[in-house]
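Written below as structure tokens is the structure these notes are about.
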Amino acid sequence: MNLADERLKELDSPSLTSDEHALWRCRLAADFVDKGQYEAAREALGDLWQGVGQRPNIEGLCERVAAEVLLMAGALSGWLGASKHTLGAQAAAKDLISESISIFESLGEAGQAAIAQTELALCYWRDDAYDEARVLLTAAFDGLVDVARRAKAVLRLTTVEFSDGRYNAALAVLKDNAFTFDERVSHALRGNFHNLLALVLKQLGTTEGRPDYLDRAVIEYTEAIYHQEKAGHERYWATNENNLANLLRKMGRYGEAHEHLDRAGAILWRLKDAGLLAQVDETRARVLIEERNYVEADRVIARAVQALEGGGAAALLSEALTTQGLVWARLGRIDASVGVLRRAVQVAEEAGASCGAGLAALTLIEAHGERRALPPEEVYELYLRADRLLREAQHPEAFERLRECARVVMGRLAGVEFGDKNFTIFNAVHELEARLIGRALDEAGGSVTRAAKLLGIRHQTFLSMLNLRHRKLLEKRSPPEKRLKSIIKKRV
């Protein structure tokens with residue numbers, strides 16, 4: 001990018017010392033980051049920048065300025081890494097920012113250390129480490145005197161609470177700090193405030209059955225788009241378009257939703273932001289599912305999953321995998337759907353994204369809980385898992401969905417009945433036999449001998465049933481022990 005900003009001409013001034021030159025570059029880069037222009041920020045840093053996650057060139061700079069450069073390089077590495085899904089970028093960014101915090105604290109620069117903490121919190125948030133991000137932001141508030149810095153911290157804390165499914169906590173943060181977002185702060189910050197307020201109102205409006213909240217959320221999204229256009233922050237503008245489209249989907253206004261997704265996609269395609277484009281694709285796939293256009297939804301969600309694979313955004317990947325599993329279920333690809341939904345639960349849970357994991361588990365029960373693709377024991381375990389994961393989350397419809405899934409679980413545990421589809425006595429006996437064998441293997445710790453004894457049958461009979469009729473349960477058994485060869489040789 002050819003930077004045309006007039007302020008760059010100041011860098012050619014021979015009167016600037018190396019420290020002043022570096023500080024000026026950091027300020028320019030920070031301005032570009034605030035507008036979402038990360039490549040321009042990278043160019044503004046000039047020879048200070050050595051690459052995403054790389055230690056910047058701070059040779060010859062005083063400690064105070066070196067800390068500023070480390071902070072800017074770390075913050076920009078986090079943004080660029082998230083934008084391009086660069087593996088390991090957040091960990092490297094954390095190291096650079098943490099080093100800057102240590103220097104600021106050693107120099108007694110509490111205010112700058114607090115600013116750096118808010119940037120460090122963002123890196124933890126991108127890695128789905130919400131508790132760490134929350135602690136850092138809360139601790140930073142007291143050291144933030146500048147109104148714009150405090151406004152950013154408010155927005156970031158709200159984002160953390162929202163991402164963690166704590167919507168009432170997020171709304172409280174916004175209400176308590178609404179006075180901060182007046183004419184003293186930029187259009188970009190005001191746009192972010194209205195965007196987050198709309199997100200929270202949408203979630204709570206759905207949860208509490210408040211259509212007035214949903215109507216207000218549409219207004220807040222529109223206000224957010226206005227401010228982000230004014231600010232020239234195209235990524236945030238596109239994000240607002242995507243969020244508004246998702247709300248319109250929930251309200252059944254599919255045509256309008258596609259229009260806003262088209263606008264978001266056009267912006268992000270020009271910016272080459274693969275991560276946000278994947279989120280737009282995930283939203284569009286959800287719209288297409290509700291329009292029953294499953295073939296097109298399959299194509300769109302496959303593109304989103306591919307973009308998110310290996311990028312470190314586990315929560316987003318889990319969400320896309322959940323949508324893909326739902327599409328495949330609608331297309332009748334049962335085994336593939338079960339597999340990808342199981343993976344969605346695992347990916348989210350391993351990343352600590354409990355809300356996403358719980359919702360993926362509910363989707364698996366809803367899509368396949370009544371089918372024979374899932375054994376009753378797994379349906380029951382999935383329900384307990386979802387209940388545990390969603391216990392502290394305030395996700396819209398989560399509790400109603402848990403209630404509906406409980407009915408599915410009870411139906412499966414009760415066994416087949418005469419009115420069931422495709423009922424035969426042979427199927428009923430087969431299912432009961434499978435449940436008893438699986439439970440016996442669990443009780444016996446995988447030991448075939450002990451499981452057979454629990455069921456009151458011979459070892460060989462149990463093995464025959466397992467190998468011929470219930471091969472899916474073989475994974476529950478312990479590896480068979482090799483029999484020792486006789487030490488007595490046969491006579492010739």
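Since every read-out is calculated from the coordinates, none of them should be taken as a lab result. The structure presented is a predicted model; accordingly, all values stated were derived computationally and were not measured. Note that we place each Cβ from the backbone using ideal geometry, even for glycine, and neighbour counts take in every protein chain shown.
To the nearest ten degrees, helix 130-140 and the longest principal axis of the Cα atoms of the chain are 20 degrees apart.
Global size of the range 293-414: 13.8, 43 Å for Rg and Dmax (C-alpha atoms, Rg to one decimal, Dmax whole). Each residue of the range 48-64 is assigned a 3J(HN,Hα), and the resulting list reads 5, 7, 10, x, 4, x, 8, 5, x, 7, 10, 4, x, 8, 5, 4, 4 Hz, derived from the Karplus form 6.51 cos²θ - 1.76 cosθ + 1.60 (θ = phi - 60°), x at Gly and Pro.
Residues LYS94, LYS84, arranged from fewest to most other Cβ atoms within 10 angstrom of their Cβ, appear as LYS84, LYS94. Taking only the Cα atoms of the range 226-343, the radius of gyration and Dmax are 14.3, 49 Å. Among 108-115, 223-230, sorting by the average number of other beta carbon atoms lying within 10 angstrom of each residue, highest first, gives 223-230, 108-115.
Over the chain, the Kirkwood radius and the radius of gyration, each from Cα atoms, give a ratio Rg/Rh of 1.09.
Sequence-distant contacts, meaning Cα pairs under 8 Å at least 6 residues apart, place the relative contact order of the chain at 9 percent.
Taking other Cβ atoms within 10 Å as a rough exposure proxy, ASP298, ASP131, ASP281, ASP262 sort from fewest to most as ASP131, ASP262, ASP298, ASP281. For the pair GLN346 and ASP19, a Förster radius of 56 Å applied to the C-beta separation gives a FRET efficiency near 0.65, rounded to the nearest 0.05. Shown here for the range 111-219: trypsin sites (Lys or Arg not before Pro) in loop regions (DSSP other than H, G, I, E, B) with at most 13 other Cβ atoms within 10 Å, namely ARG184.
Ranked for footprinting exposure by Cβ neighbours inside 10 Å, fewest first, VAL154, VAL147, VAL185 give VAL147, VAL185, VAL154.
Here ARG371 and ALA178 are evaluated by their C-beta separation; at R0 = 41 Å the FRET efficiency comes out at 0.25. Value of Rg to Rh for the range 128-196, rounded to two decimals, is 0.95; Kirkwood radius and Rg both from alpha-carbon coordinates.
Based on alpha carbons, the Rg and Dmax found for the range 425-476 are 10.1, 30 Å. Helix 211-231 against the longest principal axis of the chain: what's the angle in degrees, Cα atoms only, rounded to the nearest 10? It works out to around 40 degrees.
Rounded to the nearest 10 degrees, the inclination of helix 254-271 to the longest alpha-carbon principal axis of the chain is 60 degrees. Derived value for the range 1-145: Kirkwood hydrodynamic radius 15.4 Å. Basis is the mean of 1/r over every pair of different alpha-carbon atoms.
Taking a threshold of 32 Å on the Cα-Cα distance, which of the pairs LYS84/LYS230; LYS84/LYS476; LYS250/LYS476 fall above it? Check vs 32 Å cut-off fails for LYS84/LYS476; LYS250/LYS476.
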